[in-house]
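Everything below concerns the one structure shown next.
Derivation of every value follows stated rules applied to the coordinates shown; laboratory data play no part. These numbers were taken from a predicted model, which means no experiment stands behind them. Cβ: placed from backbone, ideal geometry, glycine included. Neighbour counts: every protein chain shown.
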Amino acid sequence: MDRSIKSNIGQINPEPLGAYVLPPEKHQLYKRLLLSICKNAPIEFRQPSTDGEPFTDRVCHNSNQNLLNDFDELNDLKKDLQSITLNFIHQLGYLSDQVVINDCWLNVTNKGAILPTHFHANSYISGNYFVNYDPQVDTRLQFLNDRYDRSAAPVIQLKRDPNNNTAYNMPSLNINAMEGQILVWRSQLAHGFKKPNERNNRVTLSFNSMPKICTNGTGNYSFVVEG
């Protein structure tokens, strides 16, 4: 290109990802409570591994269960997750006074586990709390770039330059999370991990949330979420 031609590459429609770190003493308290629930939860709250995910157990993953509502000792954690979700919504430039965490469950991921790529339906903001997590050993959470491959529509595709990794040509992004961190994102983002985990007892908490009052501001179209 002629060097006299001025250029600038900006971004449109960026996808936000919120990262929040709990104070160490608060994280250690929540970690003790959550690991105790993993170990001692009644059988009706446990969902053992399946053929599709043979190395992952879950707690409170049924539709009629919610970890934050079923275990009263997690009331403070519930308030923190609600506060974090509201802060994320406000930083995106939207108005909401109250959110409902409509789903919450624990994932106990063991050696060899993967997490098939998926997104969360019937939710506005989703999140993941890294409860028992070693970034040197445990597999990182991966988000797919939904603008990279849109094979469902007729598009022109070029070969990706392997020596020039950009935000536009990378098919996915691995997140360098750490224990005690909470990630939040808009629920339509596809995520998972394909690399098998290398150890037992990788514990994360997942949740889905909705604004309690959903309105476009005109007063014509709205609804209220109970919870």
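Details
- Cα gyration tensor, region 116-215 - rounded (a/c under 1.5), prolate or oblate: oblate
- Note, ³J(HN,Hα) from phi for region 77-92, Karplus 6.51, -1.76, 1.60, rounded to Hz, x at Gly and Pro: 4, 4, 5, 5, 5, 5, 5, 5, 5, 4, 4, 4, 4, 5, 5, 7
- Relative contact order computed over the chain (Cα-Cα under 8 Å; 6+ residues apart), in percent: 29 percent
- Using C-alpha pairs under 8 Å with a sequence gap of at least 6, the mean separation divided by the residue count of region 11-133 gives a relative contact order of 28 percent.
- From the coordinates of this entry, Rg and Dmax of the Cα atoms in Å is computed, and it appears in (1) 18.8, 56; (2) 19.7, 70; (3) 18.2, 61 under the label (2).
- Longest segment of the chain lacking GluC sites (Glu not before Pro) that sit in a DSSP loop with at most 16 other Cβ atoms within 10 Å: 1-197
- Listed by chain and number, the lysines placed with their C-alpha closer than 23 angstrom to that of residue 159 are 194; residues fewer than eight positions away on the same chain are left out.
- Within straight-line reach of residue 79, meaning a Cα separation under 17 Å, sit the following aspartates and glutamates at least 8 residues removed in sequence or on another chain: 25, 70, 97, 103, 226.
- Annotation: amide H-H contacts under 5 Å for residue 102 (H modelled 1.01 Å from N, sequence separation of 5 or more, or interchain): 208, 209, 210.
- For region 85-139 versus region 18-38, the inter-centroid distance based on Cα atoms is 14 Å.
- In degrees, nearest ten, helix 24-40 long axis to first principal axis of the chain (Cα): 60 degrees
- Residue-averaged 222 nm ellipticity for the chain, from DSSP H runs of 4+ at -39500 (n - 2.57), nearest 500: -5500 deg cm²/dmol
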